[in-house]
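Notes to accompany the following structure.
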Amino acid sequence: GDSVTQMEGPVTLSEEAFLTINCTYTATGYPSLFWYVQYPGEGLQLLLKATKADDKGSNKGFEATYRKETTSFHLEKGSVQVSDSAVYFCALSDRDSNYQLIWGAGTKLIIKP
Amino acid sequence: EAGVAQSPRYKIIEKRQSVAFWCNPISGHATLYWYQQILGQGPKLLIQFQNNGVVDDSQLPKDRFSAERLKGVDSTLKIQPAKLEDSAVYLCASTPLTGATQYFGPGTRLLVL
């Protein structure tokens, strides 16, 4: 079945550092890919998404490109801020999963000033 | 546009007691999901509604959990009786139709003592 694998955390960076959080997926169909963010004590917020190969999702300085050849959707940001500290979840949905979200385990990001 | 509303935000109960959570999805969203998120893990789907019908409740522990969406709008999730392992955040999400992006509420944090 479909699955999502994320790099384990926590990831600790200094402010203004470059961020990459790796995400790879396994799917038999053509999934849509998502990054959700969860700030401490809050629910999940959609950060960005991509619905087909080579699409780039972007929001709040974060970017991720749908790479079908490597089955990846890595999250990147050029210069992180303390306020980016949160847990980041990679997820997919497709027809084979009845469009239910298949989640990665989450990566906790800690940004130090 | 108002987001997904959930209440209460926090609940503390003793084991074997009952508890109910309420969710009001975004107006016009036909599909509603309930998730359980245990600390440090990704969300686990409990039940999916399409209007007032159940699409998938395969992961709902039906001996103690129940959910309804009688008029196809707001929904309630009940646990009776609660166990210690039910301590988690209960998230509600909605979409305008199956396959579209899911939008999450702030969640209800349940602590079972």
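Among the listed pairs A:49/B:71; B:62/B:83; A:49/B:83; A:49/B:44; A:49/B:78; A:52/A:77, which have their C-alpha atoms separated by more than 25 angstrom in this model? Before the final figure, lay out each step's value.
Working: A:49/B:71 31 Å; B:62/B:83 14 Å; A:49/B:83 36 Å; A:49/B:44 20 Å; A:49/B:78 32 Å; A:52/A:77 21 Å.
Over 25 Å Cα-Cα: A:49/B:71; A:49/B:83; A:49/B:78.
Within segment B:75-103, the residues that become at least 10 Å² less accessible when every protein chain is included than when their own chain is isolated (1.4 Å probe; DNA, RNA and ligands ignored) are B:91, B:98, B:99, B:101, B:102, B:103.
Kindly provide the trypsin sites (Lys or Arg not before Pro) of segment B:20-113 that DSSP labels as loop, not H, G, I, E or B, and whose Cβ sees at most 14 other Cβ atoms within 10 Å. Kindly include the intermediate steps, with their values, before the conclusion.
Numbers: sites: B:44, B:62, B:64, B:69, B:71, B:78, B:83, B:109; in loops: B:62, B:64, B:69, B:71, B:83.
Passing both the DSSP loop test and the Cβ count: B:62, B:64, B:71, B:83.
Inside 10 Å of the C-beta atoms of A:87-95, what's the mean count of C-beta atoms belonging to other chains?
That works out to 2 on average.
Annotation: chain A has a Kirkwood hydrodynamic radius of 14.0 angstrom, from the mean reciprocal C-alpha pair distance. For segment B:89-95, 3J(HN,Hα) computed residue by residue from phi via the Karplus equation (6.51, -1.76, 1.60; θ = phi - 60°) reads 9, 9, 10, 10, 9, 9, 9 Hz, glycine and proline entered as x. In a reduced charge model with +1 at each Lys and Arg Cβ and -1 at each Asp and Glu Cβ, segment B:49-99 shows a dipole moment near 120 debye about its Cα centre. Each of B:31, A:88, B:98 was scored by the projection of its Cα onto the charge dipole of the protein assembly as shown, and the greatest displacement toward the positive side belongs to B:31; charges sit on the C-beta of Lys, Arg, Asp and Glu. Rounded to the nearest 100, the interface formed by chains A and B buries 1400 square angstrom of accessible surface, both chains summed, with a 1.4 Å probe. Solvent-accessible surface of chain A, taken per residue with a 1.4 Å probe and all protein chains present: 48 Å². Candidate cross-link partners of residue A:112 among the aspartates and glutamates, defined by an alpha-carbon separation under 16 Å and a same-chain spacing of 8 or more, comprise A:15, A:16, A:84.
For chain B, modelled as a GNM whose springs connect Cα atoms under 10 angstrom apart, the maximal fluctuation among B:55, B:73, B:89 occurs at B:55. Accessible surface of chain A, 1.4 Å probe: 48 percent of it comes from carbon and sulfur atoms. Among B:101, B:76, B:31, the residue with the largest mean-square fluctuation in a Gaussian network model of chain B, with springs joining Cα atoms closer than 10 Å, is B:101.
Of A:28, A:71, A:51, which has the largest mean-square fluctuation in a 10 Å C-alpha GNM of chain A? Its mean-square fluctuation being the largest, the pick is A:28. Dipole of segment A:1-84 computed with +1 at Lys/Arg Cβ and -1 at Asp/Glu Cβ about the Cα centre; of A:12, A:79, A:23, farthest Cα towards the positive end is A:23. Summing charges over neighbours of residue B:80, with a neighbour being any other residue whose Cβ is under 14 Å away from its Cβ, gives +3 when K and R count +1 and D and E count -1. Report which residues of segment B:24-48 become buried by 50 Å² or more of accessible surface when going from the isolated chain to the complete set of protein chains (1.4 Å probe; DNA, RNA and ligands ignored). Buried by 50 Å² or more upon assembly, which counts only protein chains, are B:43.
Considering only protein heavy atoms and a 1.4 Å probe, what is the carbon-and-sulfur percentage of the accessible area of chain B? Result for chain B: 51 percent of the exposed heavy-atom area is carbon or sulfur. Distance distribution P(r), segment B:1-111, all Cα-Cα pairs, bin width 5 angstrom from 0: 2, 13, 25, 27, 19, 10, 4, 1 percent.
The slack between residue A:53 and residue A:14, meaning 0.36 nm per residue of separation minus the straight C-alpha distance, is 10.8 nm.
The values are calculated or read from the model by the stated rules, or taken from the named source; none is laboratory data. What you see is a predicted model; the values in this text were computed from it and never measured. Methodologically, a virtual Cβ is constructed for each residue, glycine included, from the backbone with ideal geometry; neighbour enumeration extends over all protein chains shown. Ligands, DNA and RNA are excluded from the accessible area calculation, which covers all protein heavy atoms including side chains. Shrake-Rupley method; radii C 1.70, N 1.55, O 1.52, S 1.80 Å.
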